[in-house]
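To start, the structure itself, in structure tokens.
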Amino acid sequence: MERHECLIIGSGPAGYTAAIYAARADLQPVMYTGMEPGGQLTTTTDVENFPGYPDGVTGPAMMEELKQQAERFGTEVRFGLVTKAELSDKEGGWHKITVDENTEIEARTVIISTGATAKYLGLEAEQKYAGHGVSACAVCDGFFFKGKDVVIVGGGDTAAEEATYLAKLCGKVTMLVRREELRASKAMQNRVFATENIEVLWNTEAVDLEGEGAVETVVVKNNQTNETSRIAAQGFFLAIGHKPNTDLFTGQLEMDDTGYLITASDSTATRLPGVFASGDAQDKVYRQAVTAAGTGCMAALEAERYLAALD
Ligand code: NDP
């Protein structure tokens, strides 16, 4: 059985940052990238809010640089999907990880950085206009819609927060809410209602997007009257929730009711010794590349300390 001191699952900013720190601490980490090496950032275009890139950088280029930095210190980056995890509950125990259904590996510490996946409505047009007006992250992409009109779907805290964020940058923000009320907290609701350039359309769902090469119109339907109408908008933002990629750990690690991994406060430690969780699999509030990198760093430092204490 192949054995390692430190295994990192997932290759987004959290995973690569954990790898850089773990490798520099001589833990000789092995990383499994998952099916989308580089994670969510490889599906975005320009990243302008990651410190250190004064001219911005594309998501794929940034992830390639993070990979090179992790490899430079000796991280072994392997393409593969972890399909099973049998985590030990013993101090110093070996955690058994199965890759691609057939390869079994044991590791003394496991850093989980499997990320999350933004939910989409499932419209064909969302794929057609991906990167051309459709986005699931207002903080990442809102800037590209400066002065333009946009539509945002959702009625939770994320939608409310992102609608108010977009309202500062954009012309008009139309919020599509499928029910007659928002799920967002009262404080966030009040902010939405107090913002002049946000219009909330109740009982309204997006059914299609139209435009020559990029989004120009959002087709919506009132789900009470079945009436269809068109909204002129250059940006179409989804804020209907994320799904953390944590199904592997169901029944073994503590999660909240939406599947986010729960860690000790001010720490990335899970309830099992030697298992640490970082990035979007564990953070539902900030979900930024830089915060994911921060928790990846924490996870590697905690893994190093855990191993040192065992010695
Ligand atoms: P939520 O699950 O809370 O809200 C999702 C919203 O999207 C709901 O309004 C839901 O409608 C709507 N929705 C879901 N599916 C569809 C669909 N197919 N079509 C149209 N609308 C849809 O997700 P959030 O991302 O907003 O929040 C996740 C968690 O993170 C929450 O616990 C939230 O409180 C927290 N959070 C906290 C923040 C903070 O404290 N600053 C900031 C952001 C998030 P419906 O209500 O009808 O189900």
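The values are calculated or read from the model by the stated rules, or taken from the named source; none is laboratory data. Owing to the predicted nature of the structure, the values given are computational and were not obtained by experimental measurement. Cβ atoms come from the backbone with ideal geometry, glycine included; neighbour counts cover every protein chain shown. SASA here: full protein model, heavy atoms, side chains in, ligands and nucleic acids out. Shrake-Rupley method; radii C 1.70, N 1.55, O 1.52, S 1.80 Å.
In the stretch 117-142, the qualifying residues are those that are more than 14 Å from the ligand (Cβ to nearest atom) and assigned to a loop (DSSP other than H, G, I, E, B), and the one that is nearest to ALA233 (Cα to Cα) is GLY133.
As for the stretch 282-295, it holds no residue that is under 19 Å from ARG108 (Cβ atoms), more than 13 Å from the chain's Cα centre (by Cα) and not in a loop (DSSP other than H, G, I, E, B).
Assess whether ARG179 counts as being part of a strand (DSSP E or B) and surrounded by fewer than 17 Cβ atoms within 10 Å (Cβ to Cβ). Here the answer is no, as ARG179 does not meet what is asked. Residue check: GLU162 meets all listed conditions (1) within 13 Å of the ligand (Cβ to nearest atom); (2) modelled with pLDDT of 95 or more; (3) crowded, with 19+ Cβ neighbours inside 10 Å but one, namely (2).
For the stretch 165-176, how many residues meet the condition of being more than 19 Å from the chain's Cα centre (by Cα) and open to solvent by 60 Å² or more (accessible area, probe 1.4 Å)? The total comes to 2. Restricting the search to the stretch 143-159, which residues are more than 14 Å from the ligand (Cβ to nearest atom) and buried (at least 24 other Cβ atoms within 10 Å of the Cβ)? Scanning the stretch 143-159 gives a single hit, VAL150.
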